[in-house]
1. Does residue 142 satisfy being within 26 Å of residue 113 (Cβ to Cβ) and under 15 Å from the mean Cα position of the chain (by Cα)?
2. Let me spell it out: the conditions are (1) exposed (fewer than 12 other Cβ atoms within 10 Å of the Cβ); (2) within 27 Å of the chain's Cα centre (by Cα); (3) farther than 21 Å from residue 198 by Cα, and residue 55 meets all of them except one. Which number is the exception?
3. Enumerate the strands (runs of 3 or more DSSP E) found wholly within segment 158-240, keeping only those where 1 or more residues are closer than 20 Å to residue 147 by Cβ.
4. Anything in segment 160-187 that is over 20 Å from the mean Cα position of the chain (by Cα) and either within 22 Å of residue 225 (Cβ to Cβ) or touching a residue at least 60 places away in the same chain (Cβ under 8 Å) (or both)? List them, or say none.
5. Could you tell me which numbered condition residue 42 fails, if it satisfies all but one of (1) closer than 18 Å to residue 216 by Cα; (2) surrounded by fewer than 17 Cβ atoms within 10 Å (Cβ to Cβ)?
6. Determine which single condition residue 46 fails, assuming it passes every other condition in (1) part of a helix (DSSP H, G or I); (2) touching a helix residue (DSSP H, G or I) at 6+ places or on another chain (Cβ under 7 Å); (3) within 21 Å of residue 75 (Cα to Cα).
7. Among the residues in segment 88-97, are any at pLDDT 95 or above and more than 25 Å from residue 217 (Cα to Cα)?
8. Being part of a loop (DSSP other than H, G, I, E, B), in contact (Cβ under 8 Å) with a residue 12 or more places away in the chain and over 21 Å from residue 206 (Cβ atoms), is that true of even one residue in segment 52-60?
């Protein structure tokens, strides 16, 4: 059905349908039931989705930041919290959900972020990391360009702490970290960083593409999103396997002044 056909059948405006479908507005229980019945959804499934809608209207932790961040970023956090699988390729910096507090602070300072925004942004990044503390956490797959783990963001001590944190997370049962080594030469990842979120029940992918002057959120575009998924699989084949990540990080840690690399399995702090 087209949006206009649905709007005409329910005697709604087409703009109302569009706002609901794009997440521009919430949906009432009455309107949700009307839509589902019009679409021929079975009553048992209607009841399940009405319950999902009820839960979704409860306040989420990111609601308090709606007036401090762009609507695109807030939507991305919401999607991230409900994803069952997250794939991230990082060409320049450690992904936010893997960062220590000190690393995140150093990155934001280097981006000339206003002082009053740095603490806020860092707090949000660390809050996002609580994904892994859930009873049923998503599967997270990361591919990092080697330059990401070799650049001394914040200086040697900050970077040492960050690399130890990566080792700790790579041994988490729901996390995989791979590194694209320099010796593979020019490759697809040089186009830039991106993240792909996959959801339960075969929903469409959501993609976040990082640009120098702002990120782009791709929704409701299966053809374009599937291209990023295919690219990620190609990058997985090029990068060193997860089983080699600890030894690669130890190799890099050995070049950083201030001590020897931790033994495999040793815990790392998350900064302060």
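The values are calculated or read from the model by the stated rules, or taken from the named source; none is laboratory data. Just so you know, these numbers come straight off a predicted model, no measurement behind them. Virtual Cβ from ideal backbone geometry, glycine too; neighbours counted across all protein chains shown.
1. Working: within 26 Å of residue 113 (Cβ to Cβ): yes; under 15 Å from the mean Cα position of the chain (by Cα): yes.
So residue 142 passes the test.
2. (3)
3. Where strands (runs of 3 or more DSSP E) fall fully within segment 158-240 and carry at least 1 residues being closer than 20 Å to residue 147 by Cβ, they are 175-180, 194-198, 206-209.
4. Of segment 160-187, the ones over 20 Å from the mean Cα position of the chain (by Cα) are 160-161, 164, 181-187.
Matches in segment 160-187: 160, 161, 164, 181, 187.
5. Every condition holds for residue 42 apart from (1).
6. (3)
7. no
8. Start the filter on segment 52-60 by keeping residues that are part of a loop (DSSP other than H, G, I, E, B), which leaves 57-60.
Keeping just the survivors that are in contact (Cβ under 8 Å) with a residue 12 or more places away in the chain gives 57, 60.
Next cut, over 21 Å from residue 206 (Cβ atoms) only: none.
Within segment 52-60 (the criterion being part of a loop (DSSP other than H, G, I, E, B), in contact (Cβ under 8 Å) with a residue 12 or more places away in the chain and over 21 Å from residue 206 (Cβ atoms)), the answer is no, since none of the residues qualifies.
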